[in-house]
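Asker: Right, I'll just put the structure down here and ask away after.
The values are calculated or read from the model by the stated rules, or taken from the named source; none is laboratory data. Model, not experiment: these values are computed from the prediction. Neighbour counts run over all protein chains shown; Cβ positions are idealised from the backbone, glycine included.
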Amino acid sequence: MKSKELIFLALSCLSALVQACSGHDHQTREWSQEELDELDKKWGAEFTESYVLTAYRVQWGYAGISTFAHLQYHKCLTTPSELFDIAIIGAPFDTAVSYRPGARFGPRAIRAASARQTSFRGFNPRAGINPYASWARILDCGDIPVTPVDNAVAVKQMTAAFTELSARAPSSPALHARPKLVTLGGDHSLSLPALRAAYAARGGPVRVLHFDAHLDTWHPAKYPSYWTSAQSRFTHGSMFFLAGEEGLIANGTGTPSVHAGLRTRLSDLGDYEDDDAQNWVRISADDVDELGTKGIIESIMETLGTEDPVYLSVDIDVLDPAFAPGTGTPEPGGWTTRELIRILRGIEDLNLVGADVVEVAPAYQGAGEETALAAAQVVFEILSSMVKRGLSEMGKTGVASMEEEIFIEEL
Ligand SMILES: *[C@@H]1O[C@H](CO)[C@@H](O)[C@H](O)[C@H]1NC(C)=O
C-alpha cells in the first residue's frame, strides 16, 4: 500500500471512531417544529429580517456578528434567489487614493457603528417611519471581493458586481422596477462603477448630489506625472470627471448636478472650468453660515427637483475633521454632523436611485468611532428617505394598504 493510501485509511478509521464516540444519535435526532420555534424564540434573531417587527426578539446592539443594523445577511452576488428592495453592499477598496489609505476598512467600521440600529427600535421620528419595519426588504449583501493589487481588475469587479445587483428584480415589483443599492465605501473612486450600474439599470444618465469637501471632477491631467497610463486616470478625485466623459451623468443645461460642502484648495480657478463644462452647481461649506441648513436644502431641492433620478454620493470628509477625522483627505472648516444630518433629512423628496457613503478610514478615527457613527447615521437617513418615498409611490399606484397589512399581521 502506498503511504498516501495508508494515511487515507487511517483518517477514515479515525473519523468513524469520532462519530461513534460523539453521540451519533444526538446529531440525527428529529427536532419538532415546536422545539425549533422555542429555540428560536429563546435564542434566535441574530439577524433581523427587515419589514418584520420582531417584538419578542431583541438583539442587544453590541452582540452578534456585525451586519449593517443587524439586517439579514446574504451574499447577494451568489444568491440571486434572495430578492431585495434595497441592498447594503460593501466595497472595501482604497487603492485609488491620493493621500491617506485605509478606507478598505470602511465597510466593517460602518457596520460595527450601526450596531444600535435595529428594526425593534428603528423608528425615525423626523420621517415618521421605521425603515427597517416597513414595506422594503433591506438586506446586508456583504462585500464585493475587490482586489487591492490591480486597479484595472478592481474597476471591472466593482462594475460587474454593481451592474449585476442593480439588474435584479426587486422584492416589491409593484413599487419599483429595480432595487436600489446603498454602497459602503471604500474610497470615492467606486462612484464610477456605481454610476455605470445606475446607467445600465435605467438605460440613461442620472443626476448626482455630491456631498464632499472636494470637487472630484478633476481632469486626470490635474495629477501631472511623467508616468501615466490608462489606469492612472482612475482616482478618487477624478471619477466624476470620468463618469461625465462616459455620459453617465446628465449634463444638459436644464439638468445640472450638485456639489455641496466644498472647501478644497484648487490649482487655480481654472479647476472650475471642467466642473462648469460638466454642468455642476457648487454649494460651499461656508454657505451654511449665510443660508443656514434650510437655505442649503432649498437650494438643492430647487436645483434637482423631485422627479429626475438622482444618485447620492456622500464623502464623509464633507464633515469637519473635528467630527470625522477618520477619512482619507481631511479639510478643516467643514459641516458639523448635525448640519449634514439636518440637510439629508430636508432632501427626503428626491428621487434617489442609489447612494454611497465613502472615504471612512477608521484607522484615523477616535476610540469613540465618531466617523463611522456619522456614516452609519447617514445611511439610516438615506434608507429612511428611500423607504418613505416608496410609501408615497404606494399612494400613487394604489397599493396603499400594503404597509398597514404588514403591520396588522406582525402586531
Ligand atoms: C455630456 O454628455 C455626453 C453624453 O451624453 C458626453 O458625450 C459629453 O462628453 C458630456 N460632456 C461633458 C463636458 O462631460
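Asker: Looking only at the stretch 276-325, count how many residues are farther than 28 Å from Ala91 by Cα, within 23 Å of the chain's Cα centre (by Cα) and of a type in the set (S, T, N, Q).
Answerer: Count: 1.
Residues checked against (1) in a loop (DSSP other than H, G, I, E, B); (2) under 26 Å from Pro321 (Cβ atoms):
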| position | (1), (2) |
| --- | --- |
| Val97 | yes, yes |
| Pro101 | yes, yes |
| Arg104 | no, yes |
| Arg116 | yes, yes |
| Arg121 | yes, no |
| Thr147 | yes, no |
| Gln157 | no, no |
| Arg168 | yes, no |
| Pro193 | no, no |
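Asker: Same structure again: Taking the stated definitions as given, is Thr255 within 13 Å of the ligand (Cβ to nearest atom), part of a loop (DSSP other than H, G, I, E, B) and surrounded by fewer than 24 Cβ atoms within 10 Å (Cβ to Cβ)?
Answerer: Taking the combined requirement at face value, the residue satisfies it.
Asker: Can you pull out every residue in the stretch 235-249 that is surrounded by 20 or more Cβ atoms within 10 Å (Cβ to Cβ) and either more than 16 Å from the ligand (Cβ to nearest atom) or part of a loop (DSSP other than H, G, I, E, B) (or both)?
Answerer: Thr235, His236, Gly237, Ser238, Leu248
Asker: When the residues of the stretch 258-277 are filtered to those that are over 24 Å from Leu340 (Cβ atoms) and within 13 Å of the ligand (Cβ to nearest atom), which remaining residue is modelled with the lowest pLDDT?
Answerer: In this case the residue turns out to be Asp274.
Asker: Only one of these is on the phi > 0 side of the Ramachandran plot and at pLDDT 95 or above: Glu381, Glu369, Glu348. Name it.
Answerer: Glu369
Asker: Here is a follow-up. Residue check, Trp135 against (1) crowded, with 22+ Cβ neighbours inside 10 Å; (2) of a type outside the set (Lys, Arg); (3) out of contact with any Phe, Trp or Tyr (no Cβ under 8 Å at 6 or more places or on another chain), all met but one. Which one?
Answerer: Condition (3) is where Trp135 drops out.
Asker: Would you call Ser232 in a helix (DSSP H, G or I), more than 22 Å from the chain's Cα centre (by Cα) and away from the ligand (no atom under 13 Å from the Cβ)?
Answerer: For Ser232, the condition - in a helix (DSSP H, G or I), more than 22 Å from the chain's Cα centre (by Cα) and away from the ligand (no atom under 13 Å from the Cβ) - is met.
Asker: Could you say which residue among Ala63, Ala20 is among the aliphatic types (A, V, I, L, M) and modelled with pLDDT of 85 or more?
Answerer: Ala63
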